[in-house]
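Written out below as structure tokens is the structure these notes cover.
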Amino acid sequence: MKKSKSDTVYKNFADQPKWQWITLLSVLGYETAGALSGGILLALAPDGRLMDMPVEIMHGFFKDFSMPGFMLIGLGILNVAAFITVLLKNRNRWILASLALGGLFIWFTVEIIILQEFHWLHVMWGLPVILGIMVTVPLVISRRMELHRC
């Protein structure tokens, strides 16, 4: 059976270096756990008591943590979807990985602005996002190059 151009494109694009694939999966899994657990805790206790955070740290931007909690749950779900597409080496995995990590990058940037401070937890959760973006960029470039070859 003769292979089509799209089969060749998919095969070439799917041959991502193993270290890059494992790094991206690790980051997505780690960030998924943090986003879902943090989001659920904030949604369950919008006053912040389950995470020992007073509402006042948001400087009046939100009346409580319910909206940030639900947004964080949404980011967690997006990261689950990205994790699955990367795990299965879906040819469009770069889209969800980019959206998930880009969403978390925006989340941390806005969070720092709202809190008006940089906390050590931003390093703990933010640096892996930057690492994940660094290993996702080659996927985006590779996919773009493969599409232009068709």
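No value in this document is a laboratory result; all are computed from the given coordinates. Predicted, not measured: the structure shown is a model, and the values here were computed from it. Here Cβ is always computed from backbone atoms with ideal geometry, including for glycine, and neighbour counts include all displayed protein chains.
Figures for the structure shown
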| read-out | value |
| --- | --- |
| FRET efficiency for Leu88 and Arg49, using Cβ-Cβ distance with R0 set to 30 Å, rounded to 0.05 | 0.15 |
| Sorted by Cβ neighbour density within 10 Å, fewest at the top, the residues Ile141, Ile114 | Ile141, Ile114 |
| Label corresponding to semi-axes √(5λ) of the Cα gyration tensor in Å when calculated from the structure given, among (1) 36, 14, 12; (2) 24, 23, 12; (3) 83, 16, 14 | (1) |
| Sorted by Cβ neighbour density within 10 Å, fewest at the top, the residues Leu131, Leu75 | Leu131, Leu75 |
| Computed helical MRE - 222 nm, the chain, DSSP H runs ≥ 4 contributing -39500 (n - 2.57), nearest 500 | -26000 deg cm²/dmol |
| Between helix 120-149 and the chain: long-axis angle, C-alpha atoms, 0 to 90°, nearest 10 | 20 |
| Potential extension, Leu99-His59 segment - 0.36 nm per residue separation minus Cα distance | 11.6 nm |
| Candidates Leu28, Leu101, Leu44: whichever shows maximal mean-square fluctuation once the chain is modelled as a Gaussian network with Cα springs under 10 Å | Leu44 |
